[in-house]
Every structure is written in C-alpha cells, then in structure tokens.
Amino acid sequence: MTETVSSQEKNLYLLKVLAESQEPLTVQDLLKTSGFSKSTLYRQLGYLKRWGLICEYSGHFFAGAIALQLGSQNNYINLLKSCAYPALKHLSEVTGETVTVSVVHDDLVFCVQMIEGKQALRCSIEKNRSIPLNRGATAKCLLAQFDKKQQIRAVRALIPDRIKQVELLNELDQIQEDGYATSEGELDKDVWGVSSPISLFENGTFYSSVSLMAPVFRVGENQGFFIEETRKAAQMIKEINFD
C-alpha cells in the first residue's frame, strides 16, 4: 500500500486486514503491514473506531461489533436480535431498568441490542463497546457457557495469576449451576448487573446472554426480582421455535 491510495481505500484495507487476522494486531503490526505513516494510520483507525467497525483493547486492534455483523455470524446475530426483542422489551418494562443482549467475538463481549430503562437516573452502555471476558456479570455469564477446555484457555489468557485463575473457574462452575451471574462495580462504579444465558444453538459456536443493569442504590430488596425476571426473559427466548 502507498500514500497515493485514497482515504476510503485505506479504511477498507485496514478493515480487511483486521477482519482476516486470527488475532488482534498492534499499531506496529499495522504499520508494517500497511506501509502507512503513523499519522495516517492513527487517523484511519480513528475513523473506523468512530463507526464501530474496529475496537481497541490494551493497545490491540480487532474487528468491531458492526464488522462482526457483516461477517459469518451476521445471520445468527440478526436472528438473535429479532427473537430476543419481545422478551427484552418486557424485561425493561417490568423492571424499569436498562437491559441488553450481548455476544462473544474474539474472546471479547459485544452488546448488540439495548433497551434503556425508564428511570431518570439509569445505566447505559455503548452498543459497540467491548469488554474482556472476565469482568462483569455479562462477560462471566458468556464465559460460563464455554466448554471447560475453552474456559481454561480463555482464563489463562486473561489472568496471569494461577490462584485467581482457579477462583474464576470455580465461579464459572457456580454460574453454570445457578443459571445466572451477578456483579457489582466490576466494570462501572456503583452499577449492579445480572446476566442469564440465552444461547440459541447447542453446537457451541455462538454464545449470547440477556443482562439487566441498575444503580446499586436501587437494587436492594429488588435483587431477587431482577434476577428472576432476567432468567424468565432468557427462558422465553430459548423456548422460541427457530426451525
């Protein structure tokens, strides 16, 4: 690639490189691959990030949620969003809180659908925001759906400390047994969350969950209600016939 290539083509070229890569790439990787100047590369990466086509985590870049929807999982995501909406809408109405549907891609969590709560003070999340698999109720609920070998690989990649690896793996076993995960302040201060699995397929290739987020001060005696309604929403989606 050369500096004479148009800006539009540079965007597309970088997106193609990231989409085809088997792992996230650093700025140095992209500079070497593209031949762009550093200023040009950062500018193009900024454009792609702004539109949700790529994401960055710990200095590594990868295809984002919108790009994911353009790829091989597009049909799964569209199906999930379509069938989940009625249950998601009901969950938001009965609880008054923000609810989401999320999926896993490249060991990161992406929110693909959200309905904001009705409260004046409510939690919110960017639909294209990505988070690691070991923080928050949604991430842990998704990670708990992996088979044990996948879990161990992901946990080792995320956490260097062996004791904390074991603690997380034990927590994932408990989440599988309970059928839901909860967290408080793991991603955002004073935010409580609950998540329940809603995977549509048994082949282990597509993991998804429904989650509810609320300010900690509003949870209190509502915690059991929030958990139960979130689990009901997940079950409603599971029971839909997709044939």
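Any read-out appearing in this document is the output of simple, stated calculations on the displayed coordinates, not a laboratory observation. Small disclaimer: the values here were computed from a predicted structure and weren't measured. Neighbour counts run over all protein chains shown; Cβ positions are idealised from the backbone, glycine included.
Summary table below
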{"read-out": "Separation of alpha-carbon centers, region 131-147 and region 178-200, rounded to whole Å", "value": "9"}
{"read-out": "Residues with amide H under 5 Å from that of residue 209, placed H, sequence gap 5 or more", "value": "102, 198"}
{"read-out": "Order by protection proxy (mean Cβ within 10 Å, highest first), peptides 142-150, 113-121", "value": "142-150, 113-121"}
